[in-house]
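The values are calculated or read from the model by the stated rules, or taken from the named source; none is laboratory data. Worth saying up front: this structure is predicted, and the values here are computed from it rather than measured. As a convention, Cβ positions derive from the backbone with ideal geometry for all residues, glycine included, and neighbour counts pool all protein chains shown.
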Amino acid sequence: MELAILLFRKILNMFMIMGIGAVLYKKEVISDRTTEDLGRVLIQVVLPSVVFSQMWTDYTPERQQSLIRCLVLGLAAQAAAIGISWLVFHKDEDAAHRGCSAFSNVGFFGIPVVTAAMGSAAVFFVAPTVGTANLLMSTLLVMWLSGSTQYVKLRSVLLNPALISLVCGTVLFFLRVPKPEIVSDLLGTVNQLNTPIALLLSGAFLAKSDLIGALRKGRVWQVTLMRLVLIPALILLLFRLLPVGTLDEKTAVWISLSCPIGMNLPVYSRLYRPDDVAVSAEEVCITTLLSMITLPLGLLAVSAVIG
């Protein structure tokens, strides 16, 4: 209960920062060009830095086992989310809804929430999930939206910053390479940019959307129910049955994959399915707002079911 209350307060604080971002956008202090440039900084620099720094940590046999368990938990949970999303939104015209249902905001929203609820050390538990989720979005999601495999380039997949940071951090971890203090300080400074920039951009994103119009669309509510309620419940049941992982590991991975829709879904839609950009943006906004209720309540369920 205490953890759920703390999470609610932290998410409320995050929404206040998002509100600042919305005001700045409305006042034209933040422009579309600014959000685009800052988005690139987050994707190509800050998020990879967070993953890299959390993976490159002091080696212990316990951490090695934890890493393997978290990778298994993340893959199993993401597979469950993809599977049920495919069953519900299997038609070609529902590709954008399917993507919005299947992929959460595991990096920009998930990492700050996990940090707020469990401390920065818990990011280690979700780092493998961040890397694999980004890999799946750059491959499977692109195929869903484009209806073709021609846009999935091996080079772009291998050069995905989140994947590179995950692999490099894991290699250094297993090689037991010590992290120099100056590198640790540098990465720590860069990592501090993740939460404020991501939340300011989320606020600007919300300010651009027609929330009132989105509330009248039944499909938006169907996707919202899937992303915030049914999929988290399915993952919780899966974790209850899986004899793998500690409570902290399962809680961290559950939080990251029960977050609202990823902010980069509209970006992928713009590239591969332009007609669905607006609906993707609306669904991102609605799930982001309602997650302030669903995440704390869901965390209570986690404690009750697998605690």
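Being at pLDDT 85 or above, aromatic (Phe, Trp, Tyr) and either within 15 Å of the chain's Cα centre (by Cα) or within 24 Å of ILE17 (Cβ to Cβ) (or both) is the requirement here; does PHE124 meet it? Give the steps one after another, and end with the answer.
On the way: at pLDDT 85 or above: yes; aromatic (Phe, Trp, Tyr): yes; either within 15 Å of the chain's Cα centre (by Cα) or within 24 Å of ILE17 (Cβ to Cβ) (or both): yes.
Here the answer is yes, as PHE124 does meet what is asked.
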Q: Only residues in segment 272-294 that are closer than 17 Å to VAL106 by Cα and in contact (Cβ under 8 Å) with a residue 60 or more places away in the chain count as the first member; pair them with residues that are among the hydroxyl-bearing types (Ser, Thr, Tyr) and part of a helix (DSSP H, G or I), Cβ under 6 angstrom, at least 6 apart or cross-chain, and list the lot.
A: SER280/SER269; ILE286/THR224; THR287/THR224
Q: State which residue is farthest from GLY39 (Cα to Cα) when the search covers only segment 156-166 and only residues that are of a type outside the set (Gly, Ala, Ser) and surrounded by fewer than 16 Cβ atoms within 10 Å (Cβ to Cβ).
A: LEU158
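Restricting to segment 179-191, name every residue that is free of Cβ contacts under 8 Å to residues at least 12 places away in the same chain and more than 26 Å from the chain's Cα centre (by Cα). Step through it out loud before you land on a result.
First, pick out the residues of segment 179-191 that are free of Cβ contacts under 8 Å to residues at least 12 places away in the same chain: 180-183, 185-186, 189.
Residues satisfying the conditions are PRO180, GLU181, ILE182.
Take the residues in segment 239-265 that are of a type in the set (S, T, N, Q) and part of a loop (DSSP other than H, G, I, E, B); name whichever of them is surrounded by the fewest Cβ atoms within 10 Å (Cβ to Cβ).
Here the residue is THR246.
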Q) For ALA22, are the conditions met, namely being of a type outside the set (S, T, N, Q) and at pLDDT 90 or above? A) no
Q: Go through (1) at pLDDT below 85; (2) of a type outside the set (D, E, K, R); (3) surrounded by fewer than 12 Cβ atoms within 10 Å (Cβ to Cβ) and name the single condition LEU175 misses.
A: (1)
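Among the candidates PRO232, PRO196, single out the residue that is touching a residue at least 60 places away in the same chain (Cβ under 8 Å) and touching a Ser or Thr at 6+ places or on another chain (Cβ under 6 Å).
PRO232
Given the criterion small (Gly, Ala, Ser), buried (at least 21 other Cβ atoms within 10 Å of the Cβ) and more than 18 Å from VAL106 (Cα to Cα), identify the matching residue among ALA214, ALA204, ALA198.
Working: ALA214 fails: buried (at least 21 other Cβ atoms within 10 Å of the Cβ); ALA198 fails: more than 18 Å from VAL106 (Cα to Cα).
Only one candidate qualifies: ALA204.
Taking segment 251-293 as the search range and keeping residues that are among the polar types (S, T, N, Q) and under 20 Å from LYS217 (Cα atoms), which one is farthest from the chain's Cα centre (by Cα)? Break it down stepwise before answering.
Pass one, segment 251-293, residues among the polar types (S, T, N, Q): 251, 256, 258, 264, 269, 280, 287-288, 291.
Those still in the list that are under 20 Å from LYS217 (Cα atoms) too: 269, 280, 287-288, 291.
Details: SER269: 17, SER280: 15, THR287: 12, THR288: 11, SER291: 13 Å.
Only one residue fits best here, namely SER269.
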Q. Scanning for something of a type outside the set (Asp, Glu), modelled with pLDDT of 85 or more and touching an Asp or Glu at 6+ places or on another chain (Cβ under 6 Å), does segment 89-96 turn up at least one residue?
A. yes
Q.
touching a strand residue (DSSP E or B) at 6+ places or on another chain (Cβ under 9 Å), hydrophobic (A, V, I, L, M, F, W, C), surrounded by 20 or more Cβ atoms within 10 Å (Cβ to Cβ) and under 21 Å from GLU36 (Cβ atoms): is that true of ILE231 in this structure?
A. no
Q: Determine which single condition VAL267 fails, assuming it passes every other condition in (1) closer than 28 Å to GLN65 by Cβ; (2) out of contact with any Pro (no Cβ under 7 Å at 6 or more places or on another chain).
A: (1)
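Kindly state which helices (runs of 4 or more DSSP H) lie completely within segment 194-238 and contain at least 2 residues that are aliphatic (A, V, I, L, M), touching an Asp or Glu at 6+ places or on another chain (Cβ under 9 Å) and modelled with pLDDT of 85 or more.
218-225
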